[in-house]
Structures are given as structure tokens and as C-alpha cells.
1. Given the criteria within 16 Å of the chain's Cα centre (by Cα) and modelled with pLDDT of 95 or more, does residue A:195 qualify?
2. Would you mind finding the one in A:261, A:267 that is surrounded by 19 or more Cβ atoms within 10 Å (Cβ to Cβ), away from chain B (no Cβ under 14 Å) and closer than 22 Å to residue A:223 by Cα?
3. Tell me, yes or no, whether region B:182-191 has at least one residue that is in contact (Cβ under 8 Å) with a residue 40 or more places away in the chain and more than 22 Å from residue B:301 (Cβ to Cβ).
4. Any idea which of (1) assigned to a helix (DSSP H, G or I); (2) within 13 Å of the chain's Cα centre (by Cα) is the one residue A:127 doesn't satisfy?
5. Mind listing just one residue for me: the one in region B:267-303 that is in a strand (DSSP E or B) and modelled with pLDDT under 90 and, of those, nearest to the other protein chains (Cβ to nearest Cβ)?
6. Could you tell me whether residue A:278 is in contact with a strand residue (DSSP E or B) (Cβ under 9 Å, 6 or more places away or on another chain), within 14 Å of another protein chain (Cβ to nearest Cβ) and closer than 22 Å to residue B:234 by Cβ?
7. Do we have residue A:242 as outside any loop (DSSP other than H, G, I, E, B), within 14 Å of chain B (Cβ to nearest Cβ), in contact (Cβ under 8 Å) with a residue 12 or more places away in the chain and under 22 Å from the mean Cα position of the chain (by Cα) here?
8. Examine region B:11-19 for a residue that is more than 24 Å from residue B:124 (Cβ to Cβ) and loosely packed, with under 15 Cβ neighbours inside 10 Å, and state whether such a residue exists.
């Protein structure tokens, strides 16, 4: 049950790039959530996104969560519930839109906001944000993509979830695809696979299908992970993988080689092991998963 | 360390046919060939069919160090055989072998609709094994070989080893680039007589994979279906990447077989060895058709008025 109370942190700057960056990892899920609720929403029709955002806000409120809603510049978001549960943040108030996000600082800021919400008696913290203005340049997009990946891991361990919206008409399909594939799920982003974090920095989760259409998108996505060596190996949990072609396996090989590690690909697909065997990949090992 | 026997002084792959009409003729060629290799200390290998291997084994001294390999396992798929043999040969060369001797056999099971792909194998290996000091004899039982097989054997082997000990050049031999550039349509698969189960214009790769999965009603080996999915996906990717519009996929299926054709409007790969040997390092393409050939037992590639077609079959 929700027991709203006044937050001791109220009144500080609310833009997430401007929030204080204290580390706050005290409240964790009992075990990492298989799906934390980190989704990407690619849109061209403002009205459709506004309607979806509204539904997400309503769902979060019904679940007893605190919501931060960062609407699009042209969004019509009047009539949202007031009070402590929903905070509407306008870009003009909160961001310098030429800002390049600092992934670690941003995760820390959301960790603090999640703690705030829990301390105030909410069941969790949900962000619904159109972040189009933060990924307009290549530099911004690269940093934000790295942030999208690492905040996904925070969400697996803590009661935070997010809908990250991108205006496809403004950013272009390729730019949105680069960001979309690093979420747990994506809507209308034209990506056939999702690469998102596992429970630790030595694990990633790979789902969907990788073929010619994903050719360099996958290599770019791998570079934006924070996959780190643990005993010289990183694990790619591919239990939800439906197909991977030789180009994607070669991309994984090149990534693992560049990191001086071995990528262990766990998949129930026997064809993947046979394909990897044909390619002689010294930095990729395929293991059977159920 | 020099090469011995008929291949003494030869550089590269010394490729011979053995066309035998009787077991005596086979033994007249095989036994001196094998014992000569053993005497010279060369790796000496038999990859004959079960029956012929038994005949040869019985004719050799019991303790002779000849390696008998299962010909059936070695010759499951042409591109797979090339890969396996190249690995085997590279290992022997790395270990210091001055020459490797192999007598192998393609048996009557491949003399049917699959023969065309094996004829292409026999031609391609003149190039694919030429970096190794290999002397091989490819035995064919003339009592079971159809006319087309006999003709192709002579066109793909530079010479024939005779029972009387001679090594005779084959007058009809053609170099592999010429032989492989002839991409004639294969014998239609019986399943292709009926209307296709799926006929998709401009399929996405995902559409193509799903069409194969949908055609499987659980009676094919799941590994064969998964490998066919890989092969078809690569074939369609190849059509879009290297072929011309329009791209079309057709699929036929029965209870225990699936046949897929992928056609594009182009003229097919210029490289006559495409599919049988990997080309490039995968960064610029060149692996797709090779993987399709490695993942599928029955592959045919041909040109006709409609363009270039790759046919893949499982079961």
C-alpha cells in the first residue's frame, strides 16, 4: 500500500542531468528481475505517443509508483493527476539540450530518485520520457546509448522502470534503431533484436533475430555495452535468440577479441554451435542452453 | 623429403581416377598405391565405401599402417568434404609429411540427382587441394556408374590410374574454372512437380526463415530444419546483396522433405568456386553461399532464363 509522504529531497533541481549524483543502491530487488520494464517507444505520430504515455502514467499510478513524465515539446499532456505521485518535467525547465549525458552520473541520479520514491512510500519509480533532444548529435547519441544500457541493469536490480521515447521522424530510423536495440523491448523501431544487460557487468541478454538487416547495428550495440571480463569470459544469454547469422557471430568475435575476452554464447539453438564451428571463432564459445 | 611414386617431382595435387570393373582391377591399383605410401613413410589413407574397403583391407598385410576412414561420413556434403579434407591435409603437412596418399570413393548413392554437385566437387578439388602435396585416387565402380557419371569423372580428373600400372592423361579433362562455370539446371526435384506451398516475392530474411519453419510438421530431424533455416536465410541475403531484383522464394514440402528455391534476376556469382570454398574473411561477404553449402545436404546453383537460382533441400 502506498503511503505518500513529503520527500526530504524536494526542492532540488529536477532535471536529470542536473540532479545531484549521489550513489544510492540501498534498496534492491530480492533477485534481478527477468524483465525490468525498460522499453523503447519510437514514434512519428505525436498523438499516438501522448496516448501511450498517458496509459503508462495511469498504469504506474495504479501500481502505486511515483512517475516522472518528460513530455515531448509539442505534447498535449494536460489533465494529469497532480500531487506527489506525478511530476511533469519540461525540457525547457530542466535540460541544456546540447548536453552529453554522463552515464554513471545519470544512473546515480535515478538511483536517488528511486530511493526518494521508496522513502516516500511508493512501490517504485517509473519514468516516461521523450528524450529526443538528448540524442541529436552523434556524440550525444553514443553517450546516451551507453547510458541506456547501464540504466537497464539498475532497473533489473531496483524497482525502477522506464519508457524512453524517440521521435523517429526527427532523428531518423538508424539513430533510433541504435538506441532501441539496447532496451528490453522496442516499439516501431525497426530492430529485429534486443541486447540488454544481464544481472552483472559480465552478462548480457540477446534476444530476437540477427541477420543482414542487423549487420553493423549489432557491432555498434556491443561497443556500447559495459560488458566486462569475469575470469576472462563474458556471457551472452541467448536463450531468447531465434536466429543469428555468420555476420553477427563474426561481430561478436571481433568485439570479444578487441576486449581480450571470450564471449560465451548460451543458446538452445544447435545450429548456432554448428555455424560457430564452421567459422573457427577463437573468442566465441557456444554453449547449449535449455 | 621428396614425393614418391607417380607424383614424384610433381608440385601440388596429383588427382587420379580409378575406373574399375572388378575387384581385381581395384586391388591392382590400390594395393601398390597404399603399400608404396607405407614404405615411403607417407600418411596413407583409405576412404572407400564399406564394400570396397573390406576388399582392400583383406588384401593388405594385417599390420600395415594404413588409416581406414569412413567414406560415408567424409562424403556427406561436397563443401563439408572439402573443408574436412583441407583440415586433414593441413595437419599432415604441418607434421612434416612430404606427401599424403588417399584412395577414396563416391558410391552409387550419389549417382542419382545429387551427382551434379559431386561432379562439381571433383572438379573444384583440383584447385581446393592444390596447395597440398596430395596424391589421391578416386575410385568409381563402373558396374554401377551411369554414363553421365563416367563422362564427368573423365572431365574432372586429369588422369586415370590403370590396373597395369600406367597413369594415363584423360583427354576430355577440363580445368575447374571451365567446368564449374557451366551452371546447367539440375534434374527437377520430384516435389517441384506440384505447386509450391509458398511463393513469396521480395521476401524479407525473416519471411524466408519463417516459411521454412512453417513447412516443418515435426517429422524432419530438428537439426536438419534448423540448418535449412540457416542455408535459406543466407541464400536470400546473398540474392539481395549480390543479385538483382526481383528476388523470389518458392518452397515445396512433403511429409519428410523440404525443397526451397531462391531466384534473383542476376547471373549468379562470378567466382566458379562460390559455395564450395569460402571467399574472403566474411567482412566483405563471400561466406554466405559457403555456409549455405555447409548447412544443407543438397544444394544446386544454376542459371536459366529467369536468372540465377539456388536450390536447397533437406530430408
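The values are calculated or read from the model by the stated rules, or taken from the named source; none is laboratory data. Everything numeric here is computed off the predicted structure, so don't read it as measured data. Glycine also receives a Cβ, built like all others from the backbone with ideal geometry; neighbour counts cover every protein chain displayed.
1. yes
2. None of the other options fit; the residue is A:261.
3. The answer is no; no qualifying residue exists.
4. Of the numbered conditions (1) assigned to a helix (DSSP H, G or I); (2) within 13 Å of the chain's Cα centre (by Cα), the odd one out for residue A:127 is (1).
5. It comes out as B:282.
6. Here the answer is no, as residue A:278 does not meet what is asked.
7. yes
8. Within region B:11-19, none of the residues are more than 24 Å from residue B:124 (Cβ to Cβ) and loosely packed, with under 15 Cβ neighbours inside 10 Å.
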